[in-house]
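The values are calculated or read from the model by the stated rules, or taken from the named source; none is laboratory data. Because the structure is predicted, anything quoted here is derived from the model rather than measured. All Cβ positions, even for glycine, are placed from backbone atoms using ideal geometry, and neighbour counts span all protein chains on display. Accessible surface areas use protein heavy atoms only, side chains included; no ligands, DNA or RNA. Shrake-Rupley method; radii C 1.70, N 1.55, O 1.52, S 1.80 Å.
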Amino acid sequence: MPGTQGPRVLLRRLREAMAEVSESQARLDQVAHLIAQNMVAEVCSIYLMQPGAELELYATEGLKPSAVHKTRLKVGTGLVGDIAAHARPLNLSDAQAHPNFAYRPETGEEIYKSLMGVPILRSGRVAGVLVVQNRTMRHYSEEEVEALETIAMVLAELAAASDLIAFDDDGQDATSQQPHYLEGTALSGGLALGHAVLHEPRVHVTRLIAENVDVESERLEKAVYELRSSIDKMLTTSDLSHAGEHREVLQAYRMFANDRGWLKRMLEAVKTGLTAEAAVERVQNDTRARMMRQTDPYLRDRLHDLDDLANRLLRHLTGVALSSASGDLPEDAIIIARNMGPAELLDYDKDRLRGLVLEEGSANAHVAIVARALGIAAIGRAQGIPDRVEDGDAVIVDGDTGELYVRPSQDIVDAYSEKARFRARRQAQYKAIRHEPSVTLDGVKVALNVNAGLMVDLPHLEESGADGIGLFRTELQFMIASKLPSQREQVELYSDVMESAGDLPVVFRTLDIGGDKMLPYMQQAEEENPALGWRAIRIALDRPALLRHQVRALLSAAVGRDLRIMFPMVADVSEYERARALVDKELARLDQHGREKPRSVAVGTMLEVPALFWQMEALLPKVDFVSIGSNDLIQFLFASDRGNPRVANRYDLLSPGALNFLRQVVLICARHDVPLSLCGEMAGNPLEAMALLGLGLRTISMSPAAIGPVKMMVRSLNVADLEGFMEGLYSLPNASVRDALRDYADARGIAI
Ligand code: PEP
Ligand code: MG
């Protein structure tokens, strides 16, 4: 009877047999024969998954040979189907008494009483079922079940290597060559046709059977030790790539990696005759099967962590690199990852990057901001994607719609190539008007600025032909750093920004952190409503040292130049006054010490909190400029979370309510002669931008890629006529006037 010695001997025999026989059917027959012999069973049968979620009898020792390739069972029918449906073993001394027993006369199995069957798992999915049967009412021991599971794993590799398994779409095998289509969320616009690069290369274990168990145990222990130290190192290192949301994941990794049960189970698997790599897979297969049965979403989510951890351990064992960033990239790389930090994306050669696909990730995630800065198409929430793509697969990413095609058919490739050519022609047109003025047909100048925040953004100012930087989000530097940037580091960045902007204006917004923009090195309490919580100017006023350092850095970087400082999330005049007082105090300090100063300092505020609107009369005499942050303003105006896909698009910006509000802001600022701009995402969409001009705005700021399309719109617009048309919209009862505006533009050939 096979104890722990059992599978060892059997595995060795299997290896010898596989080396001798090369044809796949003959191999399976041989395997079935060896298992039956070794486990002292009269029957051993191998069922493999086929299209339509059917299990086909592929090889048998003991059942009628004529049933091979004839007997088929749906997942869920019969005992074999039951094992597959639940991905767990069955151990029955009286199989026919089981309610799911289904009699198949062609197999001649009625004479066998006991049955032990285990799922054949590959990448956590059921690829088949392995069964042994005996005539007597035999009780198979726990050890025998485990031995059969180990053998099933070797069998899974054998079957996959011979292309014998076929999964359906919803349980598609990672190695399947079928096309795959998926809709995620759009994170960064653009179209990318290219080839997949798995950010964390998957390790395929091919050497499964140990030659020397002691050597394998040692290899495993050493790799686990290395894994643990590498995670500790990542947690303490100043390496930028592990900032932000990754920290939490790493802490979970550390907990799992130090779990003694995990190592013990893997060592036990090695003792059964597996290589260290195979033992890692074996244990991970079990864990995965167990976790897949969990209904608790939190526990199911942890499965990702465990999968990643097992994969990391495999990389320690095999020496496969941790990230693809250092390897050879194709010319048109599309990076596929579960998630990543912003600096990890910056590790790649940006000349070869075309697209990014994340299984997680949302539009406000830092990595999405970096993808937009790099100008690459990006998609988030692409469910299950790392398991469905292989390195080198052809991939199409539509960053405008969130659509993704893996291994697309030729007609999809043709359609998208045409779309890409069309885009390229459009880009050429935008480039051609780069140095043309942004003036309407009726001669009104519209300032088009860019939003920026990182070094990678700076070349865009020149490339886009924008009039300046309307919003420099200073928090991005803080968000991608692993520790608080020093004053010197801040001075360096701000100087570089002003240097590259030359004579063009730059509006520096002070730190807008908190809420969803967490700093990895700053402790912050959990908040129920982070968007309404302790963020931006609220933190700055409660912790003035942070703001003071930043203001000092800005003043020092701007010596001899014009400096513009703007405060985020101001809700009432007193907040603005207190923040401005801090700037004035720093200026006075420079005077006192006879230090050099900027040529001029303008201080303004964002209008993002509706309450501030009702204090405009008191506010405007005190500010040098105002910029509307429409992203936050609209979420507060409609009480609709900008980050929640279920409500984010529920209310239209182009509704009489929102447009009226903005119109009133324009009128009151004009009355006080205070310069007004708008720097939310709204400004980057030509139709929305047109509406903004129609209600009176003349300065708008957007992502660099939007400058071209918006300038085309400006240059094809008669703004006085539009203003007249929009007068008729403000009092409509409609939820949206989008169609009316679009019809207006279409009728007049305005490029929207
Ligand atoms: C806004 O709220 O519109 C804005 C520009 O600020 P952010 O998107 O950085 O919150
Ligand atoms: Mg904002």
Output the residues belonging to segment 556-573 that are within 16 Å of ligand 2 (Cβ to nearest atom) and out of contact with any helix residue (DSSP H, G or I) (no Cβ under 7 Å at 6 or more places or on another chain).
M566
Out of L555, L546, L532, which single residue is under 24 Å from E596 (Cα atoms) and either in contact with a Cys (Cβ under 6 Å, 6 or more places away or on another chain) or modelled with pLDDT under 95 (or both)?
L546
Could you tell me whether A581 is more than 16 Å from ligand 2 (Cβ to nearest atom), open to solvent by 30 Å² or more (accessible area, probe 1.4 Å), closer than 20 Å to D512 by Cα and assigned to a helix (DSSP H, G or I)?
yes
Looking at E596, E617, E586, can you tell me which residue is in contact with a strand residue (DSSP E or B) (Cβ under 6 Å, 6 or more places away or on another chain), more than 16 Å from ligand 2 (Cβ to nearest atom) and not in a strand (DSSP E or B)?
E596
Going by what's in this entry, would L619 be described as in the same structural domain as L554 (by TED's automatic domain parsing), more than 16 Å from ligand 1 (Cβ to nearest atom) and surrounded by 15 or more Cβ atoms within 10 Å (Cβ to Cβ)?
yes
Does A531 meet the test of being of a type in the set (A, V, I, L, M), in contact with a helix residue (DSSP H, G or I) (Cβ under 9 Å, 6 or more places away or on another chain) and open to solvent by 10 Å² or more (accessible area, probe 1.4 Å)?
yes
Select the helices (runs of 4 or more DSSP H) contained entirely in segment 661-728, then report the ones holding at least 2 residues which are under 26 Å from E463 (Cα atoms) and under 33 Å from the mean Cα position of the chain (by Cα).
686-694, 707-714
Breaking point among (1) assigned to a strand (DSSP E or B); (2) without any contact (Cβ under 8 Å) to a residue 24 or more places away in the chain, for S574
(1)
Exception for V647 within (1) more than 16 Å from ligand 2 (Cβ to nearest atom); (2) open to solvent by 50 Å² or more (accessible area, probe 1.4 Å); (3) under 27 Å from the mean Cα position of the chain (by Cα) falls at (2)
Out of everything in segment 444-488 that is farther than 26 Å from M522 by Cβ and of a type in the set (S, T, N, Q), what residue ends up being nearest to ligand 1 (Cβ to nearest atom)?
N449
Hey, can you tell me all the residues within segment 63-86 that are open to solvent by less than 40 Å² (accessible area, probe 1.4 Å) and either closer than 19 Å to Q25 by Cα or not aliphatic (A, V, I, L, M) (or both)?
L63, A67, V68, T71, G78, G81, D82
Of the conditions (1) open to solvent by 10 Å² or more (accessible area, probe 1.4 Å); (2) away from ligand 1 (no atom under 16 Å from the Cβ); (3) within 15 Å of F613 (Cβ to Cβ), the single one that L676 does not satisfy is (2)
Subset of segment 692-706 that is within 16 Å of ligand 1 (Cβ to nearest atom) and at pLDDT 95 or above - its residue that is most open to solvent (accessible area, probe 1.4 Å)
T699
Can you run down the residue pairs with Cβ atoms below 9 Å, 6 or more apart or on separate chains, where the first is in segment 730-743 and assigned by TED's automatic domain parsing to the domain that holds L659 and loosely packed, with under 14 Cβ neighbours inside 10 Å and the partner is acidic (D, E) and in a loop (DSSP other than H, G, I, E, B)?
A735/D652
